[in-house]
Every structure is written in structure tokens, then in C-alpha cells.
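The values are calculated or read from the model by the stated rules, or taken from the named source; none is laboratory data. In this text, all values refer to a predicted model and were calculated from it rather than measured experimentally. Cβ placement follows ideal geometry from the backbone for every residue including glycine, while neighbour counts extend to all protein chains displayed. Protein only, heavy atoms only, side chains kept; ligands, DNA and RNA dropped before computing areas. Shrake-Rupley method; radii C 1.70, N 1.55, O 1.52, S 1.80 Å.
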Amino acid sequence: MTEIFYDNDADLSLIQGKKVAVVGYGSQGHAHAQNLRDSGVEVHIALKDGSKSTAKAEEAGFVVQNVADATAWADVIVILAPDQHQRGIYAESIEPNLAAGKTLLFAHGFNIRFGYIKAPEGIDVIMVAPKGPGHTVRREYEAGRGVPVIAAVEVDASGQAWDLAWSYAKAIGGLRAGGIKTTFTEETETDLFGEQAVLCGGMSHLVQAGFETLVEAGYQPQIAYFEVLHELKLIVDLMWEGGIAKQRWSISDTAEYGDYVSGPRVIDSEVKSHMKDVLSDIQSGAFAQRFIDDQDNGATEFLALREKEQQHPIEATGKELRALFAWKQQDADYTDGSAAR
Ligand code: NDP
Ligand code: MG
Ligand code: MG
């Protein structure tokens, strides 16, 4: 059985004794920074000059510095800018200001696993990766709970890297839920696979295909939306609470029988073999290279795909329906590409 670390297994005073610079004030950045501060840790926010995030961070009462100055000031530099920008930020502003004894901390292993960032000697390289979106990391902390974390140490120059990782994990609330040991390689490969094959890529395209199938067969798009998207949350909540077993326990016998006989027709052995191909591309670095090459090329493929997917008819149907719900769900503009926060 995997060993799980909780609050009692970590010493909060270790991170409380460090100066922490959080680079980026987006989804994870704002949550880590605010949770650390509420746990008694001295935190500065590091942003590029002219950043759109500066006002938000200052409004929240943080000292904001540019990345070079913050790196020079801090003992622990937490890199929470988007993965594709980390390499450039690191080379330009972080690496020249590192000194032996400092720590680099990540929330995802992408740049270390694929070799885009290589820390010099004498620097601890650790990861504390919350297994949830940044806004949940903050919301759970405020509610007295936490989002589970997984932690890893790539370089333990100080001999104290693990203790600091657990101390940090405690400060952001992760050990209220529990922390598991991993490696940069395991975290990066499983995280990319999970989001590509199941959570994001798999789910988005499963829902779209189901919607298209019903609408092409002549059913009303609004009804199709309810059946393949709206109800998904209710199903996922049950799975989250008690596994697939609780979900099957709660649904009707008709739905449960349909799950057993039709599920494997949709998610067949070919789907699994495609999943294995996706995993191979992650492990070989082919996915990482395609992503980074495109980003270096002005993200043309990425932006074209984003634009195309936003045009899927399920989005218009959903937007119209959500505005009519009795609980007046408010849609923000999710299409302008701005940082999530
Ligand atoms: P975001 O896209 O939310 O980060 C945006 C922030 O980074 C903004 O404050 C932005 O500033 C800033 N930023 C962008 N470019 C630079 C730069 N050149 N220099 C300094 N700051 C910059 O990132 P996420 O929170 O989604 O991801 C951060 C890390 O956390 C990644 O490694 C990701 O894989 C990991 N992670 C993310 C999760 C999530 O919930 N999103 C879950 C678990 C891990 P500006 O306003 O100027 O653009
Ligand atoms: Mg991820
Ligand atoms: Mg139904």
C-alpha cells in the first residue's frame, strides 16, 4: 500500500523559515500564494514587467517583483507560469539569479522531465503537484480542507528536499487530504496521459460525439445537451464519492445494464490501443516536442484548434440553455484566452 503523508508527518516551520517567490499569479499561482500566506509563509509574487496579473496580485496584498529580482530575493522559487513559458522565463530571469542553497519548486514535472529546464549544481529541485484545479486548491483550503498532492524530489542537493516538499505541501493545505510520493517522470507521464486520454481529451470528445450522434438522428439539441453533458456532473460526483461502484449503485437498473452491455461497444479494444499510442507519444517526448515546437512557432496549431473547437454546436446550445436555468448560471467569457483566475 502506498504510504500517505498527512499534516502530522510534516514540519510547517521549515517553509515558514523560507522566503518564497511564486512565479505567475494564475490558476495555481494565486492559490499557492494565498494558502502559503495564510499558513504564515512570507510570499512575493514574481511577474514579468507589465503583466496583466500585477493588479490582481497587488489587490490581494502581495508584494510583486519582476522574476529576476524575486529569484534573487527568495530561497524557494515556485514556478507556476504556464508550462510552455517556463523554459524562457527560467533561462532569462531565473537561472542567472540562482545561487547554491536555493530551491526550485514545480507543480508539474513537464520542463524537468523533458529536459527544457536543467538546474545548476547545488539547487534542490522539487515538485508539489495538487491533484485539482487552482481554484479548488484555494476554495478547499478556505473551507478547512485540502486538495490531495503528489510530491517528488529530482535533486536533493541540501539533503532536506523531501522535508521541505512535505512542509510546502502542508502549507498549501494538501496534507489535510493526503500526499503521495512520486517521481517527476511518473507525475509528468501520468498527468499528461490522464488529461489527454480520459479527463479532458477523452471526455470532451466523448461528449461531442454523443451530442452529434443524437442531433444527427433528429433529436433536439437541447435534449441532447442534457443527456450527454449536463448530467455528466451528477455521474462524476457519484464516481468521486464512491467509485464507479457507487455510480452504478445509484443509477437505474436499466442504465446499469446499458453500461455493461453498451459501454464496451463504445470504448472497445481499439480505443484502448489508441490510448497506448497516446501514452507512447508522451513517454517518447513526441507530444512535448509537438506542443513546444508549436508554441515556439506562435502557437498556430494550438490557436486554430481552440478556435475550431469553440465553434462546436454543443457550445451554443449549452450557453443558451445555461442562461435559462432557474439557478441563473452565469457564463464568463471562456474564449478570450486569458489566464484562468
Ligand atoms: P496559468 O496559465 O493560470 O498561469 C498564468 C500566470 O502565469 C499569469 O499570472 C501570467 O501572467 C503568468 N505568466 C505568463 N507568462 C509569464 C512570464 N513570462 N513571466 C512571469 N509570469 C508569467 O498557469 P496554471 O496555474 O494553469 O499552471 C501553472 C503550473 O501548474 C503548470 O506547471 C501546470 O502544469 C501546473 N498545474 C496546473 C493546474 C491547474 O489547475 N491549472 C493543476 C496542477 C498543476 P499574465 O497575466 O501576465 O499573463
Ligand atoms: Mg496537467
Ligand atoms: Mg438519462
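General remarks:
- Each residue in the stretch 277-302 was checked for being outside any loop (DSSP other than H, G, I, E, B) and exposed (fewer than 12 other Cβ atoms within 10 Å of the Cβ), and 7 pass.
- Out of N97, N111, sole residue that is over 20 Å from K18 (Cβ atoms), surrounded by 16 or more Cβ atoms within 10 Å (Cβ to Cβ) and in contact (Cβ under 8 Å) with a residue 12 or more places away in the chain: N111
- Contact annotation: residue pairs with Cβ atoms under 6 Å, 6 or more positions apart or on different chains, pairing a residue in the stretch 283-306 that is touching a residue at least 12 places away in the same chain (Cβ under 8 Å) with a partner that is open to solvent by less than 50 Å² (accessible area, probe 1.4 Å) and hydrophobic (A, V, I, L, M, F, W, C), are G285/F114; A288/F114.
- Helices (runs of 4 or more DSSP H) wholly inside the stretch 34-130 that include at least 2 residues being under 27 Å from D294 (Cα atoms): 67-73, 83-89, 110-113
- The stretch 258-273: number of residues that are exposed (fewer than 12 other Cβ atoms within 10 Å of the Cβ) and assigned to a helix (DSSP H, G or I): 11
- Residues that are buried (at least 19 other Cβ atoms within 10 Å of the Cβ) and touching a Leu at 6+ places or on another chain (Cβ under 8 Å) within the stretch 166-197 comprise W166, S167, Y168, A169, K170, A171, I172, F193, A197, listed in sequence order.
- Sub-7 Å Cβ pairs linking a first residue in the stretch 208-231 that is closer than 17 Å to K319 by Cβ to a second residue that is more than 16 Å from ligand 1 (Cβ to nearest atom) and of a type in the set (S, T, Y), at least 6 apart or interchain, are F211/Y225; P221/T317; Q222/T317; Y225/T317, ordered by first then second residue.
For (1) among the aliphatic types (A, V, I, L, M); (2) more than 26 Å from P120 (Cα to Cα), each residue gets a yes or a no:
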{"residue": "F5", "(1), (2)": "no, yes"}
{"residue": "A33", "(1), (2)": "yes, no"}
{"residue": "I45", "(1), (2)": "yes, no"}
{"residue": "E58", "(1), (2)": "no, yes"}
{"residue": "V76", "(1), (2)": "yes, no"}
{"residue": "A91", "(1), (2)": "yes, no"}
{"residue": "K102", "(1), (2)": "no, no"}
